[in-house]
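Let me begin by presenting the structure, written as structure tokens, before commenting on it.
The values are calculated or read from the model by the stated rules, or taken from the named source; none is laboratory data. Keep in mind the model is a prediction, meaning the values are calculated, not measured. Glycine gets a Cβ as well: all are built from the backbone with ideal geometry, and neighbour counts include every protein chain shown.
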Amino acid sequence: MQTLLNNRYQVIETLGGGGFGETFLAEDTQMPSRRRCVIKQLKPIQNNPQVYQLVQERFQREAAILEDLGGATDQIPALYAYFQSEGQFYVVQELIQGQTLTAKMQQQGRFSESAVKEILVNLLPVLEYIHSKRIIHRDIKPDNIILRDRDGKPVLIDFGAVRETMGTVFNSQGNPTSSIIIGTPGYMPSEQAMGRPVFSSDLYSLGMTAIYLLTGKQPQELETDPRTGEIIWSHYALNVSPTLAGVIDKAIAYHPRDRFATAREMLQSLQIGANTFPPTQPYNPQPVASTPPTIPVSPGVSYQQQTIPVSPAPSYQPTNPQPTNNGQKGVLIASLIAGGLIVGAAIIGFAIANNKQPQIAQSPQPSNESATIRNQPQETATPNTTTPSPTPSVQVSPTTPTSVERPSPEQVIQNYYANINQRQFENSWNLLVPSLQNNRKLHPNGYLSYIDWWGNRVQSVYVSQVNLLSANSDTATVNARLEYTMKTGKTVPSSVNFSLLWDAANSRWVVGDVR
């Protein structure tokens with residue numbers, strides 16, 4: 001092909017075409033290096049002088065935006081030039097040497113979780129910048145993300161705004177509008193398909209792209225829950241961690257209000273669980289073990305028992321805590337998760353320790369309004385200033401099973417909160433039986449709800465007492481008295497009863513229920 005565009009760009013080959021025009025690989029003959037570039041030829045869909053003038057104005061505006069975006073980050077192609085010729089519009093952009101995610105998938109097969117996480121972590125800051133400029137990409141998909149050869153970074157190409165400009169028409173009221181919907185079926189959410197995209201529409205498209213990379217399934221191959229409209233995909237990627245699965249599920253929620261509000265929020269949720277932890281160990285109950293009775297989720301009961309004073313777990317001081325504002329939904333999630341993340345009731349009336357026991361500082365009692373699961377723990381600004389004994393003596397109830405290898409139920413609870421204070425959320429999550437992990441009333445967004453509470457709202461947990469209430473070879477009941485230090489600086493007292501089950505297959509106690 002010997003076509004010379006704008007008396008400067010020598011077309012080498014046609015890369016693709018469609019209803020809006022064609023895309024060419026070309027050389028810049030006026031550059032000493034004869035730099036290669038990509039030229040997109042765009043054609044208005046209406047041959048109308050009035051429309052053409054409007055398209056011309058919009059095209060210049062969109063080209064200026066592309067220049068600004070490409071100059072701010074190297075993960076968007078740089079704009080070299082734009083021009084008009086014979087009623088058509090052209091943009092000249094940087095050629096990105098690499099493979100699209102589609103081509104990479106066809107070459108190597110499904111992506112690993114670490115590779116998908118790396119792509120998301122590298123693209124979300126780009127989306128955050130784009131959205132800060134009040135721009136929605138509108139066509140994020142595997143074909144429009146190139147993994148650059150020189151550094152492996154994902155580069156976002158083919159913004160939809162210029163194509164939308166080419167679809168400008170006048171409606172029945174004589175006002176300019178777009179006659180086309182920008183986006184790709186399956187990768188765009190319902191509101192975008194109706195012509196009303198929002199910023200989280202791009203996050204939806206990115207989430208669907210991640211699912212394609214993890215499963216090898218195109219969106220049309222996935223089932224949809226007919227009641228909620230949610231995409232069902234996780235059974236095609238059973239090895240995906242709770243962190244990534246939770247982030248993707250929230251990104252692809254049917255309604256925009258249920259998705260991440262911003263790209264930054266999505267990135268933070270992804271990074272909270274970014275540390276590598278061992279996979280969830282399956283809970284394998286033994287046939288001889290008796291099934292514990294169902295414990296209703298209700299405010300705890302005061303007990304007069306021998307108490308075990310516990311030193312506070314290491315306090316975690318976040319570097320730059322980010323406040324979150326999830327509105328009423330955040331309050332509900334917080335209330336559901338508080339007190340071991342499973343119940344959020346602030347318990348009425350602390351049990352007074354036996355006078356013969358070491359004195360433990362008591363937090364102020366919460367009000368009676370916190371006596372239901374739907375209320376957030378009552379926060380109080382009164383700090384606990386009494387320091388517990390640095391060398392507590394552990395007194396074991398006579399009913400404690402005697403086993404050298406078996407850890408005590410009390411120690412399991414201490415370790416549970418130690419993991420939380422050290423931000424090892426997946427370790428503590430793995431101590432919950434699957435029925436608790438999968439209970440959508442307790443964890444509306446699964447593991448994502450868990451890390452949202454402990455990572456974004458709670459700074460640390462002080463374990464003031466642990467009481468062993470009962471135990472046998474297969475089950476144990478433990479009461480823990482806690483004090484949450486919130487990211488707001490306030491303190492929240494709570495009391496939680498844990499029902500533990502002995503998982504003989506993995507030689508450990510697991511949390512079967514709480515109240």
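Numbers at a glance
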{"item": "Residue match in the range 465-473 (condition: of a type in the set (Val, Ile, Thr), surrounded by fewer than 23 Cβ atoms within 10 Å (Cβ to Cβ) and over 27 Å from Leu267 (Cβ atoms))", "result": "no"}
{"item": "Failed criterion for Glu128 (all others in (1) among the acidic types (Asp, Glu); (2) over 20 Å from Ser205 (Cα atoms); (3) modelled with pLDDT of 90 or more hold)", "result": "(2)"}
{"item": "Scan of the range 39-57 for residues that are surrounded by fewer than 19 Cβ atoms within 10 Å (Cβ to Cβ), out of contact with any Asp or Glu (no Cβ under 6 Å at 6 or more places or on another chain) and not aliphatic (A, V, I, L, M), ordered by number", "result": "Lys43, Gln46, Asn47, Asn48, Pro49, Gln50, Tyr52, Gln53, Gln56, Glu57"}
{"item": "Pairs with Cβ under 9 Å, 6+ apart, first in the range 113-136 and of a type in the set (Ser, Thr, Tyr), second in a helix (DSSP H, G or I) and surrounded by fewer than 17 Cβ atoms within 10 Å (Cβ to Cβ)", "result": "Tyr129/Ala72"}
{"item": "Check on Val51, of a type outside the set (S, T, N, Q), more than 37 Å from the chain's Cα centre (by Cα) and assigned to a helix (DSSP H, G or I)", "result": "yes"}
{"item": "Matching residues in the range 125-140 - criterion: being in contact with a Leu (Cβ under 9 Å, 6 or more places away or on another chain) and surrounded by fewer than 22 Cβ atoms within 10 Å (Cβ to Cβ)", "result": "Pro125, Val126, Glu128, Tyr129, Lys133, Ile135"}
{"item": "Count of the range 68-92 residues which are closer than 28 Å to Leu4 by Cα and either outside the structural domain of Val38 (by TED's automatic domain parsing) or aliphatic (A, V, I, L, M) (or both)", "result": "7"}
